[in-house]
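Following: one structure in structure tokens, then a few remarks.
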Amino acid sequence: MGDKERGYTVCRNGKLKKGIEVKGDAHSVSIPINCPAGSKPAALMHTHPSGSLQLSPRDIKTMHEKGLPVCVKVGNKIKCYRPGVTKK
Ligand SMILES: [Zn+2]
């Protein structure tokens, strides 16, 4: 389909708010953790053009490095993974 991965930080300031959306290439996206003043990053959301809801090895690395939940969005489905929770 030639789609690019897209991602953004989910920021929390009382309620959840979508941060700036960035585009990556077909296989990865580097999401800057950038929340408006007064809000904190709550999770990293990104799409998988491949259609897989599984985290890639790189996603897992990012999740542990940033210490933030990483969510994968495919169509209407969203699956979130949290650091420290063992995944199959
Ligand atoms: Zn990914």
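The values are calculated or read from the model by the stated rules, or taken from the named source; none is laboratory data. Only a predicted model underlies this, so the values are computations on that prediction, with no experimental measurement involved. Because the Cβ atoms are built from the backbone with ideal geometry, glycine has one as well, and the counts that use them run over all protein chains shown.
Please work out if PRO32 is at pLDDT 90 or above and of a type outside the set (Val, Ile, Thr).
Values: at pLDDT 90 or above: no; of a type outside the set (Val, Ile, Thr): yes.
Considered against the rule, which asks whether it is at pLDDT 90 or above and of a type outside the set (Val, Ile, Thr), PRO32 comes out as no.
Looking at segment 6-19, which of the residues that are over 20 Å from GLY84 (Cβ atoms) and surrounded by 13 or more Cβ atoms within 10 Å (Cβ to Cβ) is nearest to the ligand (Cβ to nearest atom)?
If we filter segment 6-19 for residues that are over 20 Å from GLY84 (Cβ atoms), which is where we start, we get 6-8, 11, 13-19.
Checking the rest, the ones that are also surrounded by 13 or more Cβ atoms within 10 Å (Cβ to Cβ) come to 6-8, 11, 13, 17, 19.
Working: ARG6: 11, GLY7: 8, TYR8: 13, CYS11: 19, ASN13: 25, LYS17: 21, GLY19: 17 Å.
The selected residue is GLY7.
Please enumerate the residues belonging to segment 78-88 that are more than 18 Å from ARG12 (Cα to Cα) and within 11 Å of the ligand (Cβ to nearest atom).
LYS79 - this is the single residue of segment 78-88 that is more than 18 Å from ARG12 (Cα to Cα) and within 11 Å of the ligand (Cβ to nearest atom).
Can you tell me how many residues in segment 47-64 are touching a residue at least 24 places away in the same chain (Cβ under 8 Å) and under 9 Å from the mean Cα position of the chain (by Cα)?
Qualifying residue count, segment 47-64: 1.
One line per residue, one yes/no per condition, for (1) near the ligand (Cβ under 8 Å from one of its atoms); (2) assigned to a strand (DSSP E or B); (3) surrounded by 17 or more Cβ atoms within 10 Å (Cβ to Cβ):
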site: ASP25; (1), (2), (3): no, no, no
site: SER28; (1), (2), (3): yes, no, no
site: PRO32; (1), (2), (3): no, no, no
site: CYS35; (1), (2), (3): no, no, yes
site: GLY38; (1), (2), (3): no, no, no
site: LEU44; (1), (2), (3): no, yes, yes
site: GLN54; (1), (2), (3): no, no, no
site: ARG58; (1), (2), (3): yes, no, no
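When only residues in segment 65-77 that are surrounded by 13 or more Cβ atoms within 10 Å (Cβ to Cβ) and over 10 Å from the mean Cα position of the chain (by Cα) count, which is farthest from the ligand (Cβ to nearest atom)?
Pass one, segment 65-77, residues surrounded by 13 or more Cβ atoms within 10 Å (Cβ to Cβ): 66, 68-74.
Applying the additional criterion that residues be over 10 Å from the mean Cα position of the chain (by Cα) yields 66, 74.
Values: LYS66: 13, VAL74: 10 Å.
Going through the qualifying residues, I end up with LYS66.
THR62 passes all but one of (1) among the polar types (S, T, N, Q); (2) surrounded by fewer than 18 Cβ atoms within 10 Å (Cβ to Cβ); (3) within 10 Å of the ligand (Cβ to nearest atom); which number fails?
Exception for THR62: condition (2).
Rundown of residues vs (1) modelled with pLDDT of 95 or more; (2) closer than 14 Å to HIS27 by Cα, yes/no style:
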{"site": "ALA43", "(1), (2)": "yes, no"}
{"site": "HIS46", "(1), (2)": "yes, yes"}
{"site": "PRO49", "(1), (2)": "no, yes"}
{"site": "GLN54", "(1), (2)": "yes, yes"}
{"site": "GLU65", "(1), (2)": "no, no"}
{"site": "PRO69", "(1), (2)": "yes, no"}
{"site": "VAL72", "(1), (2)": "yes, yes"}
{"site": "PRO83", "(1), (2)": "no, no"}
{"site": "LYS87", "(1), (2)": "no, no"}
